[in-house]
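Single-structure report; data block below.
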Amino acid sequence: MPAKPALRTELLFYLSFLAAAALLVGVATILVASAFAPDRTFALVMLLVALEVGVFVVFGRHLINRLVLWPLERVVATADAVADGDLARRAPDAETRDFATLAERLNRMTDHLLDAGVAHEVGNPLGAIGTYVEVMRRRGADPEVVEGVTRELDRLDRIVRGLLDYARPGDEALTPLDPGAVLRGAYGLLEAQGALKPVRPTLEIAADVPPILGRAHLLEQAIVNLVLNAVDAAAGGVVTLGARGWSYETRGARPQRDSDPYQVVYPRIPERRPARSDFSAGQPGALLYVADSGPGVPAEDREKVFEPFYTTKEPGRGTGLGLAIVARAVDAMGGVVWVDTAREGGAAFKMFFPSL
């Protein structure tokens, strides 16, 4: 997908084109009038100027309406609908990068409001139910029943907490980060906790990893979630954590080995890399990846895995929010995340962030 033009660039292009065309027509008219009707040159020039001003006004008005006023009206209408309680309303895409970014951020804010509202509405009655269960326990209710209800309440509580993490807006400012250092810190934390014992872990951090803008705790949380998923998928196998400098392109079919650390030598399904309206072609930045030797992610599931509550785990083993939280955190830091085939044979989850 080609990058969207900036509003200023689009306006300057069209207006400059119109002005150049008007200048050429004007010069040609004056030359013709001077050669064939010199006594009528002034009248023709004035008529030409009037026509050009009219065309400029009509075209400029259409241009302003199409590129500024109509997109702004759609964004305002969406904001008004959300303010009136219609949290399902979404701002449409726009032709220019500025309004596309504004629509994207408005939609993201609406998602935060919707998810946080649902989580709090569910969390309040859960607290009350927990109190009633404790009363039942003290009054001698069947221990097996009480234990079962408590277990399911704990599971619901994990889901609600996951929703709150997913919906947390993250208003704090982005700061310069060394992604390699954050990756190394997350690896050390998981190793100290014994979370990497079921697998053979490897840490690969290249010397060319550029600094990025981000939030250290969000990036660490995303890495930890991806690693825990990889450990669960590849118990007894291999899990690799890595970071390197990289140039981002939206198309990922058949990348070369020197540009992609997870290119495999056998035919595979092309990557489906997401795009952002604020990315330029060949955007330089940092690529972080967590790969494993597990069963991988089927092609038809590669976009679904980042949706809330989508999970391939057995009931009770996961909330289906881990990857959704990762996607939300990466997006909040200005990056993108996707899944591909790992050289180890399983899944390779990749996060890309623009460099400073």
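The values are calculated or read from the model by the stated rules, or taken from the named source; none is laboratory data. If you're wondering where the values come from, they're calculated on a predicted model, not measured in any experiment. Neighbour counts are summed over all protein chains in view; Cβ atoms, including those assigned to glycine, are modelled from backbone coordinates with ideal geometry. Areas reflect the complete protein model, heavy atoms only, side chains present, ligands, DNA and RNA absent. Shrake-Rupley method; radii C 1.70, N 1.55, O 1.52, S 1.80 Å.
Find all pairs meeting these conditions: Cβ atoms under 6 angstrom apart; at least six residues apart or on different chains; first residue within region 3-22 and closer than 26 Å to Asp93 by Cα and open to solvent by less than 60 Å² (accessible area, probe 1.4 Å); second residue among the basic types (Lys, Arg) and at pLDDT below 75.
As it stands, the answer is Lys4/Arg97; Ala6/Arg97, since those pairs meet every condition given.
In region 247-279, which residues are open to solvent by 60 Å² or more (accessible area, probe 1.4 Å) and either of a type in the set (Ser, Thr, Tyr) or at pLDDT 80 or above (or both)? Working first, answer last.
Here is the first cut: in region 247-279, the residues open to solvent by 60 Å² or more (accessible area, probe 1.4 Å) are 247, 249, 251, 254, 256-258, 265-267, 269-270, 272, 278.
Of everything in region 247-279, those that are open to solvent by 60 Å² or more (accessible area, probe 1.4 Å) and either of a type in the set (Ser, Thr, Tyr) or at pLDDT 80 or above (or both) turn out to be Ser247, Tyr266.
Those residues that are under 17 Å from Thr311 (Cα atoms) and outside any helix (DSSP H, G or I), I need them from region 221-239; list them, please.
Ala234
Test Ala291 against the stated conditions and say whether it is of a type in the set (Gly, Ala, Ser) and either assigned to a helix (DSSP H, G or I) or modelled with pLDDT of 90 or more (or both). First the steps, then the outcome.
Working: of a type in the set (Gly, Ala, Ser): yes; either assigned to a helix (DSSP H, G or I) or modelled with pLDDT of 90 or more (or both): yes.
Yes, satisfied.
Yes/no per residue for (1) more than 16 Å from Met333 (Cα to Cα); (2) crowded, with 18+ Cβ neighbours inside 10 Å; (3) modelled with pLDDT under 95:
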{"position": "Gly185", "(1), (2), (3)": "yes, no, yes"}
{"position": "Glu191", "(1), (2), (3)": "yes, no, yes"}
{"position": "Leu218", "(1), (2), (3)": "no, yes, yes"}
{"position": "Asn225", "(1), (2), (3)": "yes, yes, yes"}
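Can you tell me which residue within region 227-246, out of those that are closer than 15 Å to Leu288 by Cβ and β-branched (Val, Ile, Thr), is surrounded by the most Cβ atoms within 10 Å (Cβ to Cβ)? Talk me through it step by step, then tell me what you get.
Of all residues in region 227-246, those closer than 15 Å to Leu288 by Cβ come to 227, 229-230, 239-246.
In the following step, the residues that additionally are β-branched (Val, Ile, Thr) were identified as 227, 239-240.
Working: Val227: 25, Val239: 29, Thr240: 25.
Looking at the filtered set, the residue picked out is Val239.
Does region 49-58 contain at least one residue that is within 30 Å of Ala281 (Cα to Cα), out of contact with any Asp or Glu (no Cβ under 6 Å at 6 or more places or on another chain), open to solvent by less than 40 Å² (accessible area, probe 1.4 Å) and at pLDDT 75 or above?
Filtering region 49-58 down to residues within 30 Å of Ala281 (Cα to Cα) leaves none.
No, region 49-58 has no match at all.
Would a scan of region 195-217 turn up a residue that is under 13 Å from Ile325 (Cβ atoms) and of a type outside the set (Phe, Trp, Tyr)?
Yes, there is a match, as at least one residue in region 195-217 is under 13 Å from Ile325 (Cβ atoms) and of a type outside the set (Phe, Trp, Tyr).
Can you tell me which residues in region 200-216 are open to solvent by less than 60 Å² (accessible area, probe 1.4 Å), of a type in the set (A, V, I, L, M, F, W, C) and in contact with a Gly (Cβ under 7 Å, 6 or more places away or on another chain)?
Hits for region 200-216 are Ile205, Ala206, Val209, Ile212.
Within region 338-356, count every residue that is within 21 Å of Pro176 (Cβ to Cβ), under 14 Å from the mean Cα position of the chain (by Cα) and surrounded by fewer than 22 Cβ atoms within 10 Å (Cβ to Cβ).
Looking only at region 338-356, we keep the residues that are within 21 Å of Pro176 (Cβ to Cβ), and these are 351-356.
Subsequent filtering for residues that are under 14 Å from the mean Cα position of the chain (by Cα) retains 351-354.
So of that shortlist, the ones also surrounded by fewer than 22 Cβ atoms within 10 Å (Cβ to Cβ) come out as 354.
Of the residues in that region, 1 qualify.
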